[in-house]
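Here's the structure, in structure tokens; my notes come after.
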Amino acid sequence: GQQLNQSPQSMFIQEGEDVSMNCTSSSIFNTWLWYKQEPGEGPVLLIALYKAGELTSNGRLTAQFGITRKDSFLNISASIPSDVGIYFCAGHHGSSNTGKLIFGQGTTLQVKP
Amino acid sequence: DVKVTQSSRYLVKRTGEKVFLECVQDMDHENMFWYRQDPGLGLRLIYFSYDVKMKEKGDIPEGYSVSREKKERFSLILESASTNQTSMYLCASTSGGNLNQPQHFGDGTRLSIL
């Protein structure tokens, strides 16, 4: 099945640093979603994007729906230890009529206090 | 808040056993999904259902089946468990109508097949 290309695969940063991760696709998506998964838990929705060019913030998190509808990025400002987890991008493919989500491989974030 | 509940957080079974993973959601959602999650591979869709008694194959249905007898419950069945089915299994649901709605996930079942 199709997957999104998510990068980087992992990041190990110092507390207080900013973080940036992105997802790209060769085809158009109708929505972009960003999830966070903490150890032993299921993914939790962070931000949902529905329009090309849309820029949305949720606290220290900011995500954008790329203007070409083929990419999205997530930024985390001033990281803190509780930001640790796996971040997944996901989207609904432009031609889908089933609600199926396509997922990136995930970015594992570790924050050093 | 949407609540998706998976019956077991951890499960250990033996090769050849028939295994049932249960998922219940409390928001009257039409669509339910089963994924498996493996390191470096992200989430891969096994099966999904958009109505009672309806099911569709996802990307990796081999070795699995599903049951949706009631709207709130979606069961994943491993007919004859094998060691390569050791994984984290995640259930998700979303409302029908607008197919671009985000999916809501349960906490997962970590299944080990010995």
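The values are calculated or read from the model by the stated rules, or taken from the named source; none is laboratory data. Note that the coordinates shown come from a computational prediction; the quantities given were computed from them, not determined experimentally. Positions of Cβ are generated from backbone atoms using ideal geometry, with glycine treated the same way; all protein chains shown enter the neighbour counts. Please note that ligands, DNA and RNA were not included when accessible areas were found on the heavy atoms of the full protein model with its side chains. Shrake-Rupley method; radii C 1.70, N 1.55, O 1.52, S 1.80 Å.
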Problem - Projected-area mean, chain B, by convex hull of Cα positions, square nanometres - result: 6.7 nm²
Completion exercise
Cα-based Rg then Dmax for the protein assembly as shown, in Å, read 17.4, 50
Exercise for the section: Give the carbon-plus-sulfur fraction of the accessible surface of chain A in %, rounded to a whole number; probe 1.4 Å, heavy atoms of protein chains only. Expected result: 51 percent
Problem - Interface residues, the range B:27-45 - accessible area loss of 20 Å² or more versus chain alone, probe 1.4 Å - result: B:33, B:35, B:37, B:40, B:41, B:42, B:43, B:45
Practice task
Return the sequence-ordered ³J(HN,Hα) values of the range A:64-74 in whole Hz as given by the Karplus equation 6.51 cos²θ - 1.76 cosθ + 1.60 applied to θ = phi - 60°, using x for Gly and Pro.
Solution key: 10, 8, x, 5, 7, 6, 10, 7, 7, 10, 10
Exercise for the section: In whole angstrom, note down how far apart the Cα centers of the range B:22-58 and the range A:1-67 are. Expected result: 21 Å
Exercise for the section: Give me the number: length gained by fully extending residue A:41 to residue A:15, i.e. 0.36 nm times residue separation minus the C-alpha to C-alpha distance, one decimal in nm. Expected result: 7.1 nm
Problem - Dipole magnitude of the range A:1-59, debye to nearest 20 (Cβ charges: Lys/Arg +1, Asp/Glu -1, about Cα centre) - result: 300 debye
Practice task
Give the cross-link partners of residue A:70 among the aspartates and glutamates, using a straight C-alpha distance below 18 Å as the criterion and excluding same-chain residues fewer than 8 apart.
Solution key: A:54
Fill in the blank from the handout: Heavy-atom accessible area with a 1.4 angstrom probe orders B:93, A:26, A:57, most exposed first, as A:26, A:57, B:93
Exercise for the section: Show the residues, 5+ positions off or on another chain, whose built amide H is closer than 5 Å to the amide H of residue B:47. Expected result: B:34, B:58
Completion exercise
With x for Gly and Pro, the residue-by-residue ³J(HN,Hα) of the range A:49-56, computed from phi through the Karplus equation 6.51 cos²θ - 1.76 cosθ + 1.60 at θ = phi - 60° and given in whole Hz, is 10, 10, 10, 4, x, 4, 10, 10
Problem - Nitroxide proxy distance, nm - points 7 Å out along Cα→Cβ at residue B:27 and residue B:86 - result: 3.4 nm
Practice task
Using a 1.4 Å probe over the heavy atoms of the protein chains, calculate the carbon and sulfur portion of the accessible area of chain B as a whole percent.
Solution key: 48 percent
Problem - List of the range A:9-36 residues, accessible area with partners at least 30 Å² below that of the chain alone (1.4 Å probe) - result: A:35
Fill in the blank from the handout: At q = 0.11 1/Å the base-10 log of I(q)/I(0) from the Debye formula over the alpha-carbon atoms of the range A:1-112 is -0.32
Practice task
Using a 1.4 angstrom probe, figure out how much accessible area the protein assembly as shown has per residue, in square angstrom, rounded to the nearest whole.
Solution key: 46 Å²
Problem - Highest-fluctuation residue, A:99, A:85, A:40 considered, GNM on chain A with Cα pairs under 10 Å - result: A:40
Practice task
Any lysines with Cα under 22 Å of the residue B:55 Cα? List them, leaving off those in the same chain fewer than 8 positions away.
Solution key: A:100, B:3, B:18, B:70, B:71
Practice task
Find the relative contact order for chain A and round it to a whole percent, using C-alpha pairs within less than 8 Å whose residues are 6+ positions apart.
Solution key: 37 percent
Exercise for the section: Counting other Cβ atoms within 10 Å, keep those with at most 13, restrict to DSSP loop, and tell me which GluC sites (Glu not before Pro) in the range B:66-97 are left. Expected result: B:79
Completion exercise
Rounded to the nearest 0.05, FRET efficiency between residue B:17 and residue B:38 (Cβ-Cβ, R0 22 Å) equals 0.60
Problem - Chain pair B, A: total accessible area buried, heavy atoms, 1.4 Å probe, Å² - result: 1900 Å²
